[in-house]
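Undergrad: What follows is a structure written as structure tokens; I'll ask about it next.
The values are calculated or read from the model by the stated rules, or taken from the named source; none is laboratory data. Keep in mind it's a predicted model, so treat the numbers as computed, not measured. Here the Cβ is made from the backbone with ideal geometry for all residues, glycine too, and neighbour counts use every protein chain on show.
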Amino acid sequence: MATVRAGLIQMALKADTSDTPEAIRDKMNEAHLPLIDEAGKKGVQVLCLQEVFNQPYFCPSQDAKWYGAAEKIPDGPTVKLMQEYAKKHSMVIVVPIYEEDITGVYYNTCAVIDADGSYLGKYRKTHIPQVAGFYEKFFFKPGNSGWPMFQTAYCKLGVYICYDRHFPEGWRALALAGAEYIVNPSATVAGLSQYLWKLEQPASAVANGCYIGAVNRVGTEAPWNIGKFYGSSYVVDPRGEFLVEASEDQDELVTADMDMDKVREVRNLWQFFRDRRPEAYGPLTEI
């Protein structure tokens, strides 16, 4: 297998939340393009952006204004734009946006675009939190995607979104579907989650013998000020070792070279898939 170069982009909000969702979308899309071009120049082959990358993290509110941020996939303006850039740079791009299915039904979704600009499919966030400051059930319907593995030009790719990462079942389902590299675009703030941020994904990479790319936004977002988005985007290998880590407070592109032979090497060594006992796990789906 070849070496695959992964890239992650973390970024602070570049617009005022008093603007319209459409205006914010346009400003954030435009702000990302230089870093996407930089990724292309650096030879990135699989690029992932942060959760709902072209909007604020609006879930501290319960304001129906933000329904206007939802776009169609794949026919909305952002996916169309990213298809152009994927083709331009021969780069797979994972595009996390707010998706409108039909009026009144919205999902937290990642569109996956292949290196030739073609649309491969989407993953909708499966686990939706609803706690103080994170009123996601007001905005997002739980995803119904199953656990798709996307056969891209460069690797077998899986997607898990933010809060999903706390649920080990999805990591395992994606790996069993064949994923060698799983990305987790997030919007997570300092507090309890910052400790878990550097714990859960490396552990999941080890348990499933795969690479994981975790990307988080940076900065604070008024007027909600629920805390500081602490960046620290990173890629870990199937042994849970960090290949690269971004700063806590800067707009940044980070890249890492993934030796895809290591996936087979680690899975053959540990044999976690062989030693699974699914017939014994029935109670997990009954409680």
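Undergrad: Quick one: in the stretch 9-24, of everything that is assigned to a loop (DSSP other than H, G, I, E, B) and of a type in the set (A, V, I, L, M, F, W, C), which residue is farthest from Leu49 (Cα to Cα)?
TA: Ala15
Undergrad: Can you pull out every residue in the stretch 253-273 that is surrounded by fewer than 17 Cβ atoms within 10 Å (Cβ to Cβ) and either hydroxyl-bearing (Ser, Thr, Tyr) or over 13 Å from Tyr181 (Cα atoms) (or both)?
TA: Glu265, Asn268, Leu269, Trp270, Gln271, Phe272, Phe273
Undergrad: Please find, among Thr109, Thr126, the residue that is touching an Asp or Glu at 6+ places or on another chain (Cβ under 8 Å), assigned to a loop (DSSP other than H, G, I, E, B) and more than 23 Å from Val244 (Cβ to Cβ).
TA: Thr126
Undergrad: Could you say whether any residue in the stretch 242-249 is surrounded by fewer than 16 Cβ atoms within 10 Å (Cβ to Cβ), touching a Pro at 6+ places or on another chain (Cβ under 8 Å) and over 22 Å from Ala153 (Cβ atoms)?
TA: Yes; the residues of the stretch 242-249 include at least one that is surrounded by fewer than 16 Cβ atoms within 10 Å (Cβ to Cβ), touching a Pro at 6+ places or on another chain (Cβ under 8 Å) and over 22 Å from Ala153 (Cβ atoms).
Undergrad: Same structure again: Going by the structure shown, is Ser90 surrounded by fewer than 21 Cβ atoms within 10 Å (Cβ to Cβ) and on the phi > 0 side of the Ramachandran plot?
TA: In short, yes.
Undergrad: Return only the number of the condition from (1) in a helix (DSSP H, G or I); (2) more than 18 Å from the chain's Cα centre (by Cα) that Val79 does not satisfy.
TA: (2)
Undergrad: Still on this model: Quick check: anything in the stretch 59-76 aliphatic (A, V, I, L, M), within 20 Å of Leu8 (Cα to Cα), in contact (Cβ under 8 Å) with a residue 24 or more places away in the chain and outside any loop (DSSP other than H, G, I, E, B)?
TA: Within the stretch 59-76, none of the residues are aliphatic (A, V, I, L, M), within 20 Å of Leu8 (Cα to Cα), in contact (Cβ under 8 Å) with a residue 24 or more places away in the chain and outside any loop (DSSP other than H, G, I, E, B).
Undergrad: Answer with yes or no whether Leu284 is farther than 27 Å from Val4 by Cβ and hydrophobic (A, V, I, L, M, F, W, C).
TA: yes
Undergrad: Select from the stretch 156-165 the residues that are over 15 Å from Val235 (Cβ atoms) and either touching a helix residue (DSSP H, G or I) at 6+ places or on another chain (Cβ under 7 Å) or at pLDDT below 95 (or both) and list them in ascending order.
TA: Asp164
Undergrad: Sticking with this structure for a sec: Go through the stretch 222-236 and give me each residue that's aliphatic (A, V, I, L, M) and within 26 Å of Asp19 (Cβ to Cβ).
TA: Ala222, Ile226
Undergrad: Moving to a separate point now. Please work out which residue is nearest to Lys137 (Cα to Cα), limiting yourself to the stretch 1-27 and to residues that are crowded, with 23+ Cβ neighbours inside 10 Å and not β-branched (Val, Ile, Thr).
TA: Ranking the qualifying residues of the stretch 1-27, first place goes to Arg25.
Undergrad: For residues that are surrounded by fewer than 17 Cβ atoms within 10 Å (Cβ to Cβ) and over 15 Å from Gly191 (Cβ atoms), tally how many sit in the stretch 220-241.
TA: Summing the residues that are surrounded by fewer than 17 Cβ atoms within 10 Å (Cβ to Cβ) and over 15 Å from Gly191 (Cβ atoms) in the stretch 220-241 gives 5.
Undergrad: Take the stretch 37-58 and flag every residue that is out of contact with any Leu (no Cβ under 7 Å at 6 or more places or on another chain), surrounded by 13 or more Cβ atoms within 10 Å (Cβ to Cβ) and in a helix (DSSP H, G or I).
TA: Of everything in the stretch 37-58, those that are out of contact with any Leu (no Cβ under 7 Å at 6 or more places or on another chain), surrounded by 13 or more Cβ atoms within 10 Å (Cβ to Cβ) and in a helix (DSSP H, G or I) turn out to be Asp37, Gly40.
Undergrad: Test of understanding: among Ala179, Ala175, Ala153, which residue is at pLDDT 95 or above, small (Gly, Ala, Ser), over 25 Å from Gly231 (Cβ atoms) and crowded, with 24+ Cβ neighbours inside 10 Å?
TA: After applying the criteria, what remains is Ala175.
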